[in-house]
Amino acid sequence: MTKTAFLGLGHYVPSKVVTNDDLAQMFDTSDEWIQQRTGIKERRYIEESGIGASDLAVPAVQMACKNAGIDVSEIDVIIFATLSPDFNFPGSGCFLGDKLGLPGVPALDVRNQCSGFLYGLQIADAWIKCGMYKRVALVGAEVHSTALDFSDEGRDVTVLFGDGAACAILGPTEEGNRGVIDVEVHADGSGAKELWLEGPASAYNPRLTHEMIDNKTVYPSMNGRHVFRWATAKMPEVSRSVLERNNVAVADLDWVVPHQANKRINEFVAQKLEIPPEKVVHNIQKYGNTTAASIPLALSEAIQEGRAKEGDLVLLPAFGSGFTWGAALVRL
Ligand code: UT7
């Protein structure tokens with residue numbers, strides 16, 4: 001039976017390093033508070049205005065293709081997961097296709113925030129299994145730094161997010177013991193306004209006003225404790241569901257590569273699932289939360305560092321704005 005294999009991964013982060021101390025120069029926070037509550041030490045920001053999520057994605061896709069042993073021109077379709085598209089429309093996938101020199105190659109944007117990579121993976125898996133496409137570039141890329149409130153008011157959100165991109169090249173395999181085993185995703189819009197970016201909004205006429213800028217509705221807002229509670233409940237729940245459906249014991253897992261929203265959340269999740277801490281991959285300390293890019297970025301780094309390798313059994317759980325959440329089980 002055809003399965004969907006991770007043929008190669010790649011990632012890219014901009015060069016500008018912003019430490020917790022750098023943020024503490026701009027608003028009332030501290031390295032100690034940020035590290036204690038989140039595990040984050042630094043994050044990356046784009047170097048200058050004019051760099052969008054699709055620009056960060058270009059080197060990530062190139063690296064993923066190299067690792068997959070394919071030429072960029074062999075990509076059949078782009079799935080671009082992001083909550084920070086370069087522009088309101090068209091989608092970042094179209095910009096990326098143009099920058100990669102792929103005229104005519106279809107491009108689909110997925111707007112599912114921190115779970116975007118998992119939603120994209122489920123779509124790619126279905127396409128590949130039914131024989132529609134053979135080389136899917138699944139991208140997660142974000143530029144958060146241009147929509148953060150660098151004042152005391154926005155500090156709870158601003159300290160969390162960073163810019164970055166990653167890509168997985170997915171394709172069919174007949175090797176029965178390799179590939180995507182299962183992907184389960186969920187959404188519950190009753191929590192939509194607990195973590196959202198309200199403006200500019202097509203629900204308002206005009207979409208953008210001076211009041212919206214003055215009231216800071218052009219920055220993301222979050223009910224942190226509420227999101228934390230949901231994340232620590234839903235990530236273990238959906239992980240258990242995927243493991244049980246596939247008769248996989250926690251002890252069989254080689255790695256858990258969770259969405260990197262908060263190190264404490266992932267420690268809670270590991271504790272609830274009784275996963276030993278050394279099997280959980282963290283890179284939030286270097287990059288903060290890069291939403292749709294975070295899972296493929298952490299997986300790509302773990303492979304590059306020689307930690308995760310072909311044949312390893314990996315669980316990928318996520319929770320984020322929407323609310324959306326999910327988990328994937330993959331044999332690399
Ligand atoms: O990927 C998307 C999903 N997002 C998440 O999963 C985020 C989930 N939430 C969280 O990770 C945590 O709720 C935060 C890290 C955002 C906040 O941590 P917390 O332990 O829940 O803190 P809190 O919001 O309850 O705030 C505690 C205190 C407050 O001060 P008072 O009222 O106790 O005096 C805040 O004003 O910490 C204060 N605070 C800060 N202090 C220094 C909030 N943000 C900061 C800050 N620096 N950046």
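Lysine pair count for segment 3-173 with Cα-Cα distance under 26 Å and sequence separation of 8 or more or different chains is 10. For segment 117-195, a Kirkwood radius taken over Cα pairs fed into Stokes-Einstein (20 °C, viscosity 1.002 mPa s) yields D = 137 µm²/s. Pairs of lysine residues in segment 179-331 that meet both criteria, 8 or more places apart or on different chains and Cα atoms under 24 Å apart, total 12.
Just to confirm a number: summing +1 for Lys and Arg and -1 for Asp and Glu over residues other than ALA68 whose beta-carbon lies under 12 angstrom from that of ALA68, what do you get?
+1
Considering helices alone, the calculated mean residue ellipticity of the chain at 222 nm is -9500 deg cm²/dmol, with DSSP H runs of length four and up weighted by -39500 (n - 2.57) and normalised per residue. Along its first, second and third principal axes, ordered by size, segment 3-173 spans 53, 30, 25 Å in Cα coordinates.
Only the coordinates and a few stated rules stand behind these numbers; no lab work does. Not measured: the values here are computed from a predicted model. Cβ atoms come from the backbone with ideal geometry, glycine included; neighbour counts cover every protein chain shown.
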